[in-house]
Amino acid sequence: MSLATRLRPARGAAIAVLIYLVMYLVYAISEASATSVFAITNLLDNTIVLAIAAAGLTLVVLTGEFDLSGIGVIAIANVVVATTSVGILGWFGALVAVVLIGAAVGLINGWLVVGLGLQSLAVTIGTMIACEGVALVILAAPGGEVSDTVANGLTGDIADVVPVAAVIIVGVLMLWFVFARTRLGIAIYAVGSDENAAGLSGLNVRRTKLLTFVLAGAAYGCAGYLLSAQTGSGDPRASNTFLLFMYAAVAIGGTSLAGGRGGVFGSVVGAGILTVMQKMLFALGAASFYTSVFSGIIMLVALFVGNLSVLRLRRRRRGGAEWQSATPRP
Amino acid sequence: MRPLVLQVDDLAKRYGATIALEDVSFALNAGEVCGLLGENGAGKSTLVKALSGVVSPDRGEIRLKGDRFRPTSIVDANRLGVSTAFQELSLVPSLSVATNLALPDAPKNAIGLVSGRELRRRAEATLADWGAADIRPSDIVDSLPLGVRQRVEIIRALARNPSVLLLDEPTSALSDREWLFGLIDRVLKEGVSILYITHKLDEIRRLCRRCIILRNGQKVLDQAVSEMSNDDIFRSMAGRSAVEQFIAAPSAARPQDVPALEASHLTGEGIEDVSFALQPGEILGVAGLEGHGQGPLFRALVGLHPLRGGRIAVAGTARGLHSPRVARAAGVVLVPEERKTEGIFKDLSTIANISVPVIRRVSPLHFLNKQRERQLVEQVIPDVDLPEHFLPLPITDLSGGSQQKAVLARALVVGARCLLLFDPTRGVDVGAKQSIYRMMRAFVHDGGAILFYSTELDELVHLCDRCLVLYRNHIAGEVSGGALSQELVLSLASGQAAQAQPIAGGSP
């Protein structure tokens, strides 16, 4: 368990898993077909875009920065896949293209934040708007066509039992657990926890932040690719509602928006919660607008429980000053 | 003559209009500890940062073992053989001790991952090697007490096998100084050179043969320690005599009057049945080792810490002081412990920092009248020796001592009758300390009352009329007048003389 202690026990993520299981249980009880392969595949398909986007966002949030550019990148990726995956680039070329586009946007974000010292919130609002504009330039109205290889290959089941989405999610989580043990992974936590101390400890704060923006951008590109597979077409405005859900997934998953605590695992579960909740409420026959009420409440509960330990820690640390005697100790 | 290791020539650095270092030159020999003294803002930290690669000097040259030394980063400085234990501690709070010790380049295993087991194994070996086997490598740094964190910080600097070690106030939170002194003796034998920054003269005398004193960014003294008296050193640091440091003044206490602040049987978390009466004109000291209830007590008196029972009376009237605002209205003002986070508003000017509690009084029709604000503030700043030209400056441009003067001026401007001072001279230079002492004397002379906690025993002994000693959250004893000595306070505070003197009197 040395790894777990090193990265601080992820209490928030554990709570998120618990909430997920409870909701899934309620969903499974009230909807008989919920445990079928078809229903599970459908659930995971609905989750995966948000999960991958939130995973990318988590990296930036862990360093203590903001990144709102995600939905812009997803929009560009979606229209690029819809206009090029059938034709010039093919399914693989389109994947490479959207990952590169995402990384490039991340590089711009990172350079503006790290190189010029601008505030990440403002910078990424700017790039988000610009990216959404670019998406409209590429494809002015919903349309286009997504290659069947993408649309079918990423949404079905392998041998009719294992959902492709499950394989991707497991892959992402494994990638994360490996990544968290790299020097860069540790540096991300260190920078988010105390930037000054990280710098004095010899870590390269600027490089670390720049890389997280680039990695996050690439993840948004992948999320856009998966979104295209789900919808089968291009829509420059398809990702409009995503932004707050990405942040909600990160927060519900126990990652501190101030940086330094949390992880991708929690965010993926957080994305899962937001999706399974819709299914659960639908199965219970609740009107759709209750979903928002519930999402909000769940986020607040997750924040409250996740912060209990922080509050307690803060109280414990409030000791008096240490004794300093001007004379040597007797 | 031992070989020269570090040579600094005409080093200069300025930040905007502030000259931090001006043509500082000195040399450091192998196997030598050299003390570095100076008031806050004298340039010690800038010198340390320039040597450790955090800031680059504007002019001047540093030579390390004869080669030009221009570190581009702290990693570069480490590589070249200079490592630093910083005063503000450079440990990452959310990571474990083991990971912190391994930064920035944690050991990787065959497939390029950082191995938790390897990290812990190395950390265990390092900690044991430096006499800190009691620290657990897997503990997260921000769950550790400050003193333990400081030990880890020191060990990390030592473990990099430097040829030059910079220790910046390494004992500020340390409970066992002998541990550090032992390590210093050990690395000296290996030929390491140490620059030792401190405020504490006894440490300089214990460790250093030579010391350098900085004042206003310039080197004013570089001399053998044995040739200097404490007064010589104080005088060089402050630029004037420090003999008047403690003016013996007759007590202004009026024991017959109604107590300015009276607490009876206060109980709460960290407070066990604490009672005292603070008379007008009195400086009542509070002593206690770390975590013996002084923090909760001071906060509880202005409603920042919940009380389960007890009664507080201000000037004879029972009051529920359940918030600092109510306390302030009753004339009771707390000057808190953490100046940076609880004392100052760092984005405001100095004058705004002082006038903030009385802003209503100088804002007819809700618009601030700058002239009236200034008039009001100018009435109190002479009491704390805060120069008038500091008022328009951002408070963060001021030295720690001047910031503290501003915080005290804010307490005075509301017309407080009872000040609760929690370690007001911590991190404050000698000159500012004297100003604070003078202000305290003048305040009680005019009939005010002060409850005064300090981590420095000699302050308590010299300034207070009486002193309450806390031990395990209750008052272990009270000493006053002639009986007030550092030895007695210390023995009460460590629980040794718990039964001896329940109330003043007698000699130890």
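Brief remarks on what is shown
- Exposure proxy ranking for A:Val276, B:Val225, based on other Cβ atoms within 10 angstrom of each Cβ and starting from the fewest, stands as B:Val225, A:Val276.
- Inter-site label distance for A:Arg207 and A:Val178 at 7 Å from Cα along Cβ, in nm: 2.1 nm
- Distance violations [Cα-Cα > 20 Å] among B:Lys65/B:Lys108; B:Lys49/B:Lys433; B:Lys44/B:Lys200; B:Lys44/B:Lys189; B:Lys65/B:Lys219: B:Lys65/B:Lys108; B:Lys49/B:Lys433; B:Lys44/B:Lys189; B:Lys65/B:Lys219
- Lys/Arg +1, Asp/Glu -1 at C-beta; the range A:2-308 dipole; positive extreme among A:Asn204, A:Asn78, A:Leu281: A:Asn204
- Dipole of the protein assembly as shown computed with +1 at Lys/Arg Cβ and -1 at Asp/Glu Cβ about the Cα centre; of A:Ala151, B:Val332, A:Gly260, farthest Cα towards the positive end is B:Val332.
- Dipole magnitude of chain A, debye to nearest 20 (Cβ charges: Lys/Arg +1, Asp/Glu -1, about Cα centre): 1820 debye
- Peptide packing: for A:238-245, B:298-305, A:69-76, the average count of neighbouring Cβ atoms within 10 Å per residue gives the ranking A:69-76, B:298-305, A:238-245, highest mean first.
- Rounded to the nearest 20 debye, the dipole size of chain B about its Cα centre is 1020 debye, using +1 on the Cβ of Lys and Arg and -1 on the Cβ of Asp and Glu.
- Each peptide in A:291-300, A:194-203, B:287-296 gets a packing score, the mean of other Cβ atoms within 10 Å over its residues, and the list from highest to lowest is B:287-296, A:194-203, A:291-300.
- A cut-off of 5 Å between modelled amide H atoms, ignoring neighbours fewer than 5 places along the same chain, links B:Gly288 with B:Leu470.
- For the range B:207-219, backbone phi angles converted through the Karplus equation (6.51, -1.76, 1.60; θ = phi - 60°) give residue-by-residue couplings of 9, 9, 8, 10, 9, 10, 10, 9, 9, 6, x, 10, 7 Hz, Gly and Pro being listed as x.
- Fraction of beta bridges assigned by DSSP in the protein assembly as shown that are antiparallel (%, nearest 5): 55 percent
- Shielding of peptide B:455-467 by partners, expressed as the average count of other chain Cβ atoms within 10 Å per residue Cβ, is 2.
- Fewest-first ordering of B:Lys405, B:Lys340, B:Lys189 by other beta carbons within 10 Å of each residue's beta carbon gives B:Lys189, B:Lys340, B:Lys405.
- Ranked list, fewest to most other Cβ atoms within 10 Å of each Cβ, for A:Phe92, B:Phe452: A:Phe92, B:Phe452
- Alpha-carbon centroids, the range B:50-66 and the range A:145-196: separation in whole Å: 46 Å
- Remark on B:Gln279: its backbone amide H falls under 5 Å from those of B:Ala260, a criterion applied only to residues 5 or more positions apart or on other chains, H modelled at 1.01 Å from N.
- Shown here are the Rg and Dmax of the Cα trace of the range A:2-308, at 18.9, 57 Å.
- Total charge dipole magnitude, the protein assembly as shown, about the Cα centre, Cβ charges on Lys, Arg, Asp, Glu only, Debye to nearest 20: 160 debye
- Whichever aspartates and glutamates have a C-alpha closer than 15 Å to that of B:Lys340, once near sequence neighbours (fewer than 8 apart) are set aside: B:Glu88, B:Asp397, B:Asp423
- Listed residue (B:Gly295, B:Ile184, B:Ser226) projecting farthest to the positive dipole end of chain B, Cβ model: B:Gly295
- Averaged over the residues of B:199-206, the number of partner chain Cβ atoms lying within 10 Å of the residue Cβ comes to 2.
- Phi-based couplings in Hz for the range B:473-478 (Karplus 6.51, -1.76, 1.60; Gly and Pro marked x): 6, 10, 7, 7, x, 9
- A simple rule links phi to the HN-Hα coupling: the Karplus curve 6.51 cos²θ - 1.76 cosθ + 1.60 with θ = phi - 60°, which for the range B:81-92 gives x, 10, 10, 10, 9, 7, 5, 7, 6, 10, 7, 7 Hz, with x for Gly and Pro.
- For chain A, built as a Gaussian network whose Cα springs stay under 10 Å, the top-fluctuating residue of A:Ala51, A:Ala159, A:Ala77: A:Ala159
- The protein assembly as shown, helix-only ellipticity at 222 nm - DSSP H runs n ≥ 4, -39,500 (n - 2.57), divided by all residues, nearest 500: -14500 deg cm²/dmol
- Angle in degrees between helix B:146-158 and the longest Cα principal axis of chain B, rounded to the nearest 10: 20 degrees
- Proximity of backbone amide H atoms, modeled 1.01 Å from N, is registered between B:Arg210 and B:Gly35, B:Val225 at under 5 Å, excluding neighbours fewer than 5 places apart on the same chain.
- Inter-chain neighbour count for B:103-111: the average number of beta-carbon atoms from partner chains within 10 Å of each residue's beta-carbon is 4.
Since every read-out is calculated from the coordinates, none of them should be taken as a lab result. What you see is a predicted model, and the numbers here were worked out from it, not measured in a lab. FYI the Cβ positions are ideal-geometry reconstructions off the backbone, even for glycines, and counts take in every protein chain you see.
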